[in-house]
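A.B. asks: Next up is a structure, given as structure tokens.
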2 protein chains.
Amino acid sequence: MSDKTIKSLKSLLSSPKRILLTTHKSPDGDAIGSSLALYLYLKSMGHDVTVSVPDDMPGFLKWMPGSDDILIFAKHKKSFEEKLNNAEIVFALDYNHFKRTGNEMEKLLTSSNALKIMIDHHQSPDDFMKYRVWDVMASSTAQLVWDFIVALSGKKAVDKIIGECLYTGIMTDTGSFRFTTCTAHTLRITADLLELGVRGDLIHQRVYDQNSLNRIHLMGYALEKIVLMPEYYTAYISLSKEELKKFNYQPGDTEGLVNKVLSVKGVNVAALITEKENQVRMSLRSVGDFSVNQFSRTYFNGGGHEHAAGGILEMNLDEALMYFEEAVKKGYK
Amino acid sequence: MSDKTIKSLKSLLSSPKRILLTTHKSPDGDAIGSSLALYLYLKSMGHDVTVSVPDDMPGFLKWMPGSDDILIFAKHKKSFEEKLNNAEIVFALDYNHFKRTGNEMEKLLTSSNALKIMIDHHQSPDDFMKYRVWDVMASSTAQLVWDFIVALSGKKAVDKIIGECLYTGIMTDTGSFRFTTCTAHTLRITADLLELGVRGDLIHQRVYDQNSLNRIHLMGYALEKIVLMPEYYTAYISLSKEELKKFNYQPGDTEGLVNKVLSVKGVNVAALITEKENQVRMSLRSVGDFSVNQFSRTYFNGGGHEHAAGGILEMNLDEALMYFEEAVKKGYK
């Protein structure tokens, strides 16, 4: 953020405002962590703040401070519309196109006259916002929220409760501090959070160690199914609706699985291909020079980051698998 | 380290010495990482240094700078004896009882007249050493080696190459920065290492993402085999020699598996029980108040840390499983 932006934002937030926070569909640890951290901070500054999500979040995030206050659009559309109509400022957290909130919410947000502020680290942002706290090199939106709070109010404004939210966002979006985006700055922020009393070990347990036995069995089953395409340094797992049902699939159950595919020696591109109602969902990871963001934009109606992206195919699973294998062959040309 | 210890060590190392570094059997990322970091540092200070291990290390550590120079006792006993007889100083890294090096090496080390220095973070140290850099709260021996180098020569003595070794030790012994022992100090050291040009993402890949397809299939198979003892908040996986053979088991293939067992909701104590030649090996993990160090000392002829320990049973697998279940019931009384 430039000094000018910081000055403008300080001035904007110097008197109590009605503020609505929004994030993307299928909110993950960083979406929820960054939203709740900003929510708790803005509330402590005397603003009237509502934090909203398009749809519900996974159970392993529901321990988070403030999570009971979250307004779920899919369940409470009227309340959301009222809050939006009433809002002077709308924050877009961890996304940069209104379409990432889903069709209905997108329409409402696009037609809203509130001042819009984006805090995000994804590629190719839309230009809907008045202010951008945007850095594609940042490890997470939570890290940018830390920078935002510290720029406006100093480190003292971050307490243990806000710290737990930020830790969760940073941890989940860096794969526990392993990705390239996890820099010295990221680790020093995290060190500051631990000194506030945040228990990193407990947050890891709460987020990662809540596996049902069904989920562990699904993981085991899926790992035995990996398909290698060695000449293309690619491997994938596919899971049909029937297979998922057999393990009583719950949202979030396949999270992390695609990283296991990437952990196979010699694999630079990994995919998890899951059959949903009337469509097939792609989750893509890579290492090295191969951009799955570009790959997904070209072939899978999606996008994301250089090394982590998602996509959607409107076909059945068998067709999707053939299409995927063809795309890999073309993508490697 | 006290100022007095630092002064003594500085004086001791102010002229070139013949130094032998040793670590424990089945050396892991921290044993090798801390040994190689200290080796490279002492060499750069003009000492004549040999780094040794009781037996070979896993393949996923063989990329490490200096690893080609390591003297493997099991393969080169004569050379080791010569180096030991010739040494003025012996360092014991990442262990605190000579028995942790195995019977033969233990005898040689015990009868050696060299000055002995221990750098370690395990519980209940023996009193064989002249100097101790010992802190049971430290995340890793690598962290203590950082403290040692910085106390003696300042941060400037740590370069990128030494940094890669230290990063590996810290990363592997903190479960990628998640355990309680990973403090603000640990993260700030790691931040300094990244600023030296150490690539945390690549080290993660080199250590964790070298899975053979056999290993991934073994993981999958094992996860489908988890046994729950819900009334004791305990779960375990057992693997027989035949099962391991079916997946062409290589040393290191089951690493991390016990943490997956611990990730099941409601599980506070996890075990991986593997059949070896004429004995059964226990790998134990816990969260909360249950000390697997104590548990293993009482029942499994082993020990380690509060939340991570190992043990050995001299019986067949079926007997070991019955014995384990009984021990759990007694341990939870």
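Since every read-out is calculated from the coordinates, none of them should be taken as a lab result. Small disclaimer: the values here were computed from a predicted structure and weren't measured. No Cβ is skipped: glycine too gets one built from the backbone with ideal geometry, and neighbour counts run over all protein chains shown.
A.B. asks: Could you grab the relative contact order for chain B? Cα pairs under 8 Å, six or more apart, rounded to a whole percent.
C.D. replies: Contact order relative to length: 12 percent.
A.B. asks: Hey, another quick one. Ratio of Rg to Rh for the stretch B:23-131, alpha carbon only, Kirkwood?
C.D. replies: Radius of gyration relative to Kirkwood radius: 0.92.
A.B. asks: Using alpha carbons only, how many degrees (0 to 90, rounded to 10) separate the axis of helix B:184-195 from the longest principal axis of chain B?
C.D. replies: 60
A.B. asks: Net charge near B:Leu257, counting Lys/Arg +1 and Asp/Glu -1 over other residues with Cβ under 11 Å of its Cβ?
C.D. replies: +2
A.B. asks: Still on this structure, I have one more. Taking the Cα atoms only, what angle lies between the long axis of helix B:29-44 and the longest principal axis of chain B, rounded to 10 degrees?
C.D. replies: 10
A.B. asks: Provide A:Leu93, A:Leu61 in ascending order of the number of other Cβ atoms located within 10 Å of each residue's Cβ, fewest first.
C.D. replies: A:Leu61, A:Leu93
A.B. asks: Quick one: Cα centre-to-centre distance for the stretch B:185-238 and the stretch A:216-230, in angstrom?
C.D. replies: 17
A.B. asks: What is the sum of charges, Lys and Arg at +1 and Asp and Glu at -1, for the other residues whose Cβ falls under 9 Å from the Cβ of A:Thr172?
C.D. replies: Here the charged neighbours net out to -3.
A.B. asks: Right, next: Along each of its three principal axes, how wide is the spread of alpha-carbon positions in the protein assembly as shown, in whole angstrom units, largest first?
C.D. replies: Principal axes ranked by extent give 82, 59, 55 Å for the Cα atoms.
A.B. asks: Place the label 7 angstrom along Cα→C-beta at A:Ser153 and in each other copy, then list the distances from the first to the rest in nm, shortest first.
C.D. replies: With the label placed 7 Å along Cα→Cβ, A:Ser153 yields 4.6 nm.
A.B. asks: Can you give the Kirkwood hydrodynamic radius for the stretch B:233-333, in Å, rounded to one decimal and based on Cα pairs?
C.D. replies: 13.5 Å is the Kirkwood radius here.
A.B. asks: What nm distances, shortest first, do you get from the label point of B:Glu326 to those in the other copies when the point sits 7 angstrom along Cα to Cβ?
C.D. replies: Counterpart label points of B:Glu326 in the remaining copies fall at 6.4 nm.
A.B. asks: Over the Cα atoms of chain B, what Rg and Dmax result, in angstrom?
C.D. replies: That works out to 20.1, 61 Å for Rg and Dmax.
A.B. asks: Okay, helix-only estimate at 222 nm for the protein assembly as shown: each DSSP H run of n ≥ 4 adds -39500 (n - 2.57), divide by all residues, round to 500 deg cm²/dmol; what do you get?
C.D. replies: Result for the protein assembly as shown: -12500 deg cm²/dmol, rounded to the nearest 500.
A.B. asks: Going by how many other beta carbons lie within 10 Å of each one, how would you line up B:Val227, B:Val292, B:Val145, fewest first?
C.D. replies: Listing B:Val227, B:Val292, B:Val145 from fewest to most nearby Cβ atoms yields B:Val227, B:Val292, B:Val145.
A.B. asks: Mind sorting B:Asp55, A:Asp192, B:Asp289 by how few other Cβ atoms lie within 10 Å of their own Cβ, fewest first?
C.D. replies: By the 10 Å Cβ count, ascending, the order reads B:Asp289, B:Asp55, A:Asp192.
A.B. asks: Please compute the average number of Cβ atoms from other chains found within 10 Å of each residue's Cβ in peptide B:205-216.
C.D. replies: Going residue by residue through B:205-216 and averaging, the value is 5.
A.B. asks: Where Lys and Arg each count +1 and Asp and Glu each count -1, what net charge lies around B:Ile32 among other residues with Cβ under 10 Å from its Cβ?
C.D. replies: -2
A.B. asks: Rounded to the nearest whole Å³, what is the per residue volume of the convex hull around the Cα atoms of the stretch A:230-281?
C.D. replies: 84
A.B. asks: List the pairs from A:Lys130/A:Lys160; B:Lys7/B:Lys43; B:Lys10/B:Lys160; B:Lys78/B:Lys246 whose alpha-carbon separation is above 29 Å, in the order I gave them.
C.D. replies: A:Lys130/A:Lys160; B:Lys78/B:Lys246
A.B. asks: Now, a different point. Find the relative contact order for the stretch A:70-150 and round it to a whole percent, using C-alpha pairs within less than 8 Å whose residues are 6+ positions apart.
C.D. replies: Across the stretch A:70-150, relative contact order equals 25 percent.
A.B. asks: Another question about this same structure. So what's the angle, to the nearest 10 degrees on a 0 to 90 scale, between helix A:77-86 and the longest Cα principal axis of chain A?
C.D. replies: The answer is roughly 40 degrees.
A.B. asks: Can you tell me what share of the DSSP beta bridges in chain A is antiparallel? A percent to the nearest 5 is fine.
C.D. replies: Antiparallel bridges: around 40 percent, rounded to the nearest 5.
A.B. asks: Here's a follow-up. Shape call for the stretch A:1-82 from the C-alpha gyration tensor, a ≥ b ≥ c root eigenvalues: rounded (a/c under 1.5), prolate (a/b greater than b/c) or oblate?
C.D. replies: The shape class here is prolate.
A.B. asks: What distance in nm lies between label points placed 7 Å from Cα along the C-beta direction at A:His76 and B:Glu88?
C.D. replies: About 7.4 nm separates the two model spin labels.
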